[in-house]
1. Which one of these is at pLDDT 90 or above and either outside any loop (DSSP other than H, G, I, E, B) or crowded, with 16+ Cβ neighbours inside 10 Å (or both): Gln37, Gln41?
2. So for segment 268-280 (the condition being crowded, with 22+ Cβ neighbours inside 10 Å and under 19 Å from Arg62 (Cα atoms)), does at least one residue qualify?
3. Would you confirm whether or not segment 223-236 contains a residue that is farther than 25 Å from Asp59 by Cβ, without any contact (Cβ under 8 Å) to a residue 12 or more places away in the chain and either among the basic types (Lys, Arg) or assigned to a loop (DSSP other than H, G, I, E, B) (or both)?
4. In the list Asn283, Asn245, which residue meets the criterion of being closer than 23 Å to His189 by Cα and either in contact with a Pro (Cβ under 7 Å, 6 or more places away or on another chain) or modelled with pLDDT under 95 (or both)?
5. With the requirement that a residue be touching a helix residue (DSSP H, G or I) at 6+ places or on another chain (Cβ under 7 Å), touching a residue at least 60 places away in the same chain (Cβ under 8 Å) and not acidic (Asp, Glu), what does segment 62-75 give you?
6. Show me the strands (runs of 3 or more DSSP E) entirely contained within segment 84-153 in which 2 or more residues are closer than 27 Å to Gly276 by Cβ.
7. Which one of the conditions (1) crowded, with 19+ Cβ neighbours inside 10 Å; (2) more than 23 Å from the chain's Cα centre (by Cα) does Thr441 fail to meet, given that it meets all the rest?
8. Scanning segment 361-390 for residues that are under 26 Å from Val225 (Cβ atoms) and free of Cβ contacts under 8 Å to residues at least 60 places away in the same chain, which turns out nearest to the chain's Cα centre (by Cα)?
Amino acid sequence: MAAASALSVVPRHVLGGPGFVAPSDQINIAQIGAGTQALRQLNGGTMRRSDVRITSVTDPNRDTQDYVDWGRFGTRRSIRRLLEDDSWGEGDTGTRGGRDYAKRVIDAYYAKTGGSDGVRTYEDYREMLAAEDDADAVVVIVPDHLHAHISIAAMKAGKAVIMHKPVGLSPHEVRRVLETEQETGMVTHLLAYSAPETHGRLKSWLETGAIGEIREVHNWTNRPVWPQAWAEYPRDEAAIPDGFNWDLWQGPVRRQAYHPLLTHTLYRGWYNYGAGCLGDMGNYSLWQPHRFLKLGAPDMVEAYTSKSVILNDELVCRTRHFSPVAFPSASQIAFRHPATADRSEVRVYWYSGSMKPQTPEEVLADGAQLPGEGMLFVGAEGKILCGFRGENPRLLPESRMASMEDEEVPDMDQDDEWIEAVRAKTPSRGSFAEAASLAETTALGIAAVRNPATRLLWDSENMKFANADVPARRTYQEGWEL
């Protein structure tokens with residue numbers, strides 16, 4: 001999530017003085033999404049800033065306590081810290097979210113820090129876009145299957161769009177979002193962005209050829225940390241929670257029966273609703289090689305995934321399958337980025353489910369192992385081992401580090417980038433256009449995982465797979481076509 005702002009919070013009625021922001025310089029934000037991720041974004045940075053005002057919240061869920069999070073009351077604890085109220089949510093029985101709940105939190109915070117006219121709420125983002133004339137930007141933190149539709153509608157409504165990853169779930173969705181960004185000229189920003197200055201050492205080593213020409217990049221994660229690999233959709237019936245518009249939550253996805261396993265954090269594991277590990281975290285980590293190596297879109301993608309074994313009714317283990325509905329427990333995806341005038345061909349390898357590349361001899365020689373998550377650049381003359389997102393790079397073998405004197409730049413406040421872009425109406429360095437090749441790459445990786453053990457050749461110009469009848473677009477519910 002975006003880092004917490006370093007700016008102090010000053011009540012609006014205080015005129016002048018350090019931290020004061022004139023109303024004319026304040027940005028009005030319409031928040032779309034009111035789940036745990038959205039609440040963390042609000043509590044951790046956005047809402048604390050004196051130069052930002054949240055004016056509305058939109059979510060198809062009104063207020064429930066059935067959200068899935070990494071800790072039962074983790075979100076509540078962060079809200080208590082924000083409001084300096086240890087009794088907040090004392091009677092809650094689970095993780096809470098929804099538009100009315102988010103309104104309560106925001107109104108309570110603004111009441112403490114300078115007053116507010118009250119946050120407006122909407123069930124449908126389309127209604128909000130038509131009504132919220134004073135919104136300068138929308139912050140979109142919703143399940144993945146809605147990203148393209150909401151961002152396109154918001155840009156067409158004249159709003160800047162600040163959105164969590166991914167840009168879209170298919171190459172076609174990514175392309176439509178990018179086309180709309182260009183057509184409207186609206187400011188956009190992907191919250192997976194990280195400032196290049198934060199990775200100054202890695203950037204310098206790659207540009208100066210510290211390990212020679214780059215041939216391979218390996219990036220691995222211990223995710224998923226949510227369930228995946230379901231064999232089929234839930235068969236048992238479940239009642240739709242009161243105040244939850246299930247049809248609206250599904251949006252462009254063809255209608256199916258409600259089940260809590262499909263919603264909230266768990267949506268990430270389903271093909272219809274999520275982007276899996278790659279779409280969730282690859283947009284953070286792979287941004288660095290895409291940016292510094294100017295990778296562009298790949299012309300080949302190939303995935304190998306874990307299989308599932310089903311015990312049939314006769315208690316015989318005889319069916320091994322790739323799930324038609326859910327991402328696998330683990331996968332390896334290979335991308336081939338063709339040579340350009342400035343560099344040779346680069347192969348990028350993504351690993352999920354605690355899969356890793358082979359441990360380099362240089363690491364073993366130092367008596368170490370590869371970490372649970374990381375990134376490895378392999379060059380003609382050496383290797384660079386980094387953290388998962390390219391942070392804290394080290395030359396291999398470790399002895400080569402003695403000759404390096406440059407230091408990493410401390411991490412920057414990520415909200416500063418998009419807030420200043422919205423205020424000045426200038427492109428963000430984290431814009432959708434800046435992330436275009438990465439967005440297309442992750443969408444291709446999703447297609448490969450859904451068609452494992454098949455080498456797919458990608459024609460980016462014509463937006464189709466040249467050697468396989470694999471669709472580059474999704475099938476939508478009637479009325480939601482892009």
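1. Just one listed residue meets the conditions, Gln37.
2. The answer is no, given that none of the residues of segment 268-280 is crowded, with 22+ Cβ neighbours inside 10 Å and under 19 Å from Arg62 (Cα atoms).
3. yes
4. Testing whether each residue is closer than 23 Å to His189 by Cα and either in contact with a Pro (Cβ under 7 Å, 6 or more places away or on another chain) or modelled with pLDDT under 95 (or both) leaves just Asn283.
5. Filtering segment 62-75 down to residues touching a helix residue (DSSP H, G or I) at 6+ places or on another chain (Cβ under 7 Å) leaves 62-63, 66-69, 75.
Imposing the further condition that a residue be touching a residue at least 60 places away in the same chain (Cβ under 8 Å) reduces the set to 62-63, 66-69.
Once the filter is applied, which keeps residues that are touching a helix residue (DSSP H, G or I) at 6+ places or on another chain (Cβ under 7 Å), touching a residue at least 60 places away in the same chain (Cβ under 8 Å) and not acidic (Asp, Glu), segment 62-75 yields Arg62, Tyr67, Val68.
6. Output list reads 95-97, 137-140.
7. That leaves (2) as the condition not met.
8. Just the residues of segment 361-390 that are under 26 Å from Val225 (Cβ atoms), to begin with: 363, 368-377, 385-390.
Among the residues that remain, those that are also free of Cβ contacts under 8 Å to residues at least 60 places away in the same chain are: 363, 368-369, 371, 385, 387.
Numbers: Val363: 31, Ala368: 31, Gln369: 28, Pro371: 22, Leu385: 23, Gly387: 18 Å.
Among those that are under 26 Å from Val225 (Cβ atoms) and free of Cβ contacts under 8 Å to residues at least 60 places away in the same chain, it is Gly387.
The values are calculated or read from the model by the stated rules, or taken from the named source; none is laboratory data. Given the structure is predicted, the values throughout are model-derived calculations rather than measurements. Every residue, glycine among them, receives a Cβ derived from its backbone with ideal geometry; neighbour counts consider all protein chains shown.
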